[in-house]
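What follows draws every value from the coordinates through simple rules; no lab data is involved. What you see is a predicted model; the values in this text were computed from it and never measured. Don't worry about glycine lacking a Cβ; one is built from the backbone with ideal geometry, like all the others, and counts go over all protein chains shown.
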């Protein structure tokens with residue numbers, strides 16, 4: 001596991017555009033989530049906590065300007081706005097609402113990558129150690145400890161635990177965990193329950209109190225019983 005992996009949320013109601021941008025960003029080492037609309041973007045921003053949002057301006061129902069306005073109420077994460085409009089008024093409105101930069105469609109992928117890198121350079125580095133109760137996970141070394149006991153995890157188990165540690169006490173659905181950790185792999189949400197079971201077996205084998213709780217009818221939460 002590398003240190004400092006950045007998570008980017010790509011928001012566009014056109015699935016082809018969204019997945020294309022995702023495919024451009026992933027080889028650069030980013031974790032990339034996709035939201036196909038404004039409502040989904042706001043939900044994912046709350047649960048997955050991206051480091052940067054690539055946000056389309058023109059979307060039905062909740063447009064990019066409203067998404068930008070609502071995101072700015074809660075955070076200062078960088079927002080790169082995409083627009084098919086080249087008019088100055090649209091760019092000014094987006095910037096006034098809190099967007100940090102914009103690109104006019106169609107755009108060259110190297111320019112998109114350059115702007116993403118520039119925006120992320122302004123952000124403080126993400127933490128390399130995640131902790132909750134007596135559980136510690138080191139992103140850089142891949143080491144996990146429960147108290148003084150070292151816990152050996154597979155890469156997928158490590159990614160799932162890291163996501164839970166980034167959202168302590170939050171209830172995360174199977175669908176949210178599947179999207180965040182499996183990122184579009186051809187599988188279903190039953191695999192989440194299987195891997196939660198693997199994690200519990202390893203984290204609790206020393207008879208420690210269970211930290212991954214099942215919230216019936218909703219999902220899972222990292223919390224003390």
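Before moving on, here are some points about what is shown:
- Modelled label reach - residue 105, point 7 Å along Cα→Cβ, the stretch 69-85 residues with backbone N closer than 13 Å: 81-85
- In degrees, nearest ten, helix 109-121 long axis to first principal axis of the chain (Cα): 60 degrees
- Counting only alpha carbon atoms, the long axis of helix 155-166 and the longest principal axis of the chain meet at about 70°.
- Approximate shape of the stretch 129-222 as ellipsoid semi-axes (Cα gyration tensor, √5λ), whole Å, largest first: 20, 15, 12
- Semi-axis lengths, Å, the stretch 1-73, gyration tensor of Cα atoms, sqrt of 5 times eigenvalues: 21, 15, 8
- Pairwise Cα inverse-distance average, inverted: Kirkwood Rh of the stretch 7-121 (Å): 13.7 Å
- The stretch 123-158 versus the stretch 52-93: alpha-carbon centroid distance in Å: 34 Å
- Packing-based exposure ordering (other Cβ within 10 Å, fewest first) of 16, 81: 16, 81
- Over the residues of the chain, the helix contribution to mean residue ellipticity at 222 nm works out to -11500 deg cm²/dmol, using -39500 (n - 2.57) for each DSSP H run of at least 4.
- The average projected area of the chain, computed from the convex hull of its Cα atoms over all directions, is 12.8 nm².
- Convex hull volume of the stretch 78-172 per residue (C-alpha atoms, cubic angstrom): 160 Å³
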